[in-house]
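The structure under discussion appears below in the form of structure tokens.
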Amino acid sequence: MPEFSIVMPAYNVEKYISEAIESVIHQSFQDWELIIVDDASTDNTVQIIQKYLHIDDRIKLYILPKNTGSVYIPRKEAILKSKGKMIAYLDADDYIENTFLEKIHNRYLETKADAILGRMCSIKNNLVIYTLPKTNFDMEQTLSGKQACMLTVPYWNIGAAGAVNRNIYISALDKSETSNMVYADEVVTRQIMLLCRKIVFVDAKYMYRYNEESLTKKFSLKRFDCLNVNNLLLNLIEEYFGSESEEVKSMHLLLFNGVLSSIALYYTNRSKINKQEKKIIVEKLKAGYKIIRWDYIKGKISNHTYFVSHVGFNTMMFVVLVYVKAKRIKQLFKHT
């Protein structure tokens with residue numbers, strides 16, 4: 001039983017996966033296993049992984065028979081096949097600093113916490129654009145699971161990279177009803193936090209690569225799964241905090257932001273969507289809009305945004321359409 005199981009879903013990441021795997025191999029703390037589950041890649045991802053299987057027998061590869069179009073399913077498969085005391089996730093287009101596991105292990109020995117969260121550094125063109133938590137965050141503090149969870153709603157103020165007790169991770173998976181939705185991890189991560197008694201932090205760096213080709217960046221109809229996921233997340237927060245709590249009020253701001261960004265996504269990509277798909281998406285948007293408690297978000301958004309949004313769904317759709325068109329015109333003039 002290794003101390004850490006690092007779980008890695010992979011799909012068409014031939015450009016990045018060597019760096020991800022080598023960042024594990026070169027860890028200063030060596031008591032680990034790496035479980036990679038490939039989601040039926042069509043490029044050279046599997047061939048690259050197979051080379052590493054001959055280099056280090058702690059690396060295991062499993063290949064799904066067909067593509068699921070989800071990060072959640074291969075990651076869940078990797079977790080169920082893992083044997084470590086702690087689970088750490090690593091996406092195949094990201095990497096970790098070589099003292100990542102050592103820092104987490106040392107912090108665990110100090111605190112015996114259920115989860116130890118590191119610092120997620122978002123990189124683009126090899127430059128760090130932002131970090132979670134921010135540099136002024138107190139990394140020495142200890143939080144309850146509920147306290148940590150609410151640092152992710154309505155905005156992420158902490159990252160989820162680090163390591164979690166395996167039993168808690170399995171329990172969170174058992175409680176989640178997210179199937180293969182693209183943003184399923186948004187619910188599972190919060191469920192993990194809520195099941196933890198104690199969560200601590202350490203300055204162990206996880207390098208998150210801004211990848212335009214990733215499932216959460218590339219346009220597809222699955223991007224609108226965020227509306228369903230936010231509804232599941234609302235139910236989760238209500239379960240743990242109560243339907244009239246301040247935490248649920250914060251959750252409604254996240255619901256609003258999800259609907260707003262999804263409407264913008266719809267109008268930005270409308271030419272790529274057929275008539276039947278448009279109908280389905282608009283119904284999803286309408287259902288998401290109906291859930292919002294406007295009395296809960298009044299004062300949390302600008303008066304102008306509140307006025308044009310809460311009047312009605314069609315009004316909100318029209319205003320976002322005007323904004324998207326104006327933005328396109330602005331971009332056109334910028335390049336002429």
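A short reminder: the numbers here are calculations on the coordinates, not readings from a lab. All values reported here derive from a predicted model rather than from experimental measurement. As a convention, Cβ positions derive from the backbone with ideal geometry for all residues, glycine included, and neighbour counts pool all protein chains shown.
General remarks:
- Among the listed pairs 112/175; 51/205; 51/85; 124/205; 83/134, those beyond 21 Å (Cα-Cα): 112/175; 51/205; 51/85; 83/134
- Computed FRET value (nearest 0.05) for residue 83 with residue 175, which takes r as the C-beta separation and R₀ as 25 Å: 0.70
- Among complete DSSP H helices in the chain, those whose alpha-carbon atoms stretch at least 20 Å along the helix's long axis and whose mean Kyte-Doolittle hydropathy reaches -0.5 are 225-241, 246-268, 313-334.
- Of the peptides 145-155, 197-207, the order by per-residue mean of other Cβ atoms within 10 Å, starting with the highest, comes out as 197-207, 145-155.
- Net +/- balance of residues flanking residue 94 in space, Cβ distance below 10 Å, scoring K and R +1, D and E -1: -2
- FRET efficiency for residue 282 and residue 147, using Cβ-Cβ distance with R0 set to 45 Å, rounded to 0.05: 0.75
- DSSP-defined beta bridges in the chain - what % are antiparallel, rounded to 5: 35 percent
- Local electrostatic count at residue 165 - Lys and Arg +1, Asp and Glu -1, tallied over other residues with Cβ under 11 Å: +4
- With 0.36 nm allotted per residue and the present C-alpha distance subtracted, the residue 314-residue 270 stretch has 14.2 nm of extension available.
- Fully extended contour minus Cα-Cα distance, from residue 156 to residue 42, at 0.36 nm per residue: 37.7 nm
- In nm, spacing of pseudo-spin labels at residue 57 and residue 128 (7 Å Cα→C-beta vector): 3.8 nm
- Segments 128-136, 226-234 sorted - mean Cβ within 10 Å per residue, highest first: 226-234, 128-136
- Choice from 287, 115, 172 showing the highest fluctuation, given a GNM over the chain with Cα pairs closer than 10 Å: 287
- Selection of trypsin sites (Lys or Arg not before Pro), region 250-328, meeting DSSP coil and at most 11 other Cβ within 10 Å: none
- On the basis of the beta-carbon distance and an R0 of 25 Å, residue 261 and residue 135 show a calculated FRET efficiency of 0.40.
- Mean residue ellipticity at 222 nm, helices only, the chain: -14500 deg cm²/dmol; runs of at least 4 DSSP H residues each add -39,500 (n - 2.57), and the sum is divided by the number of residues.
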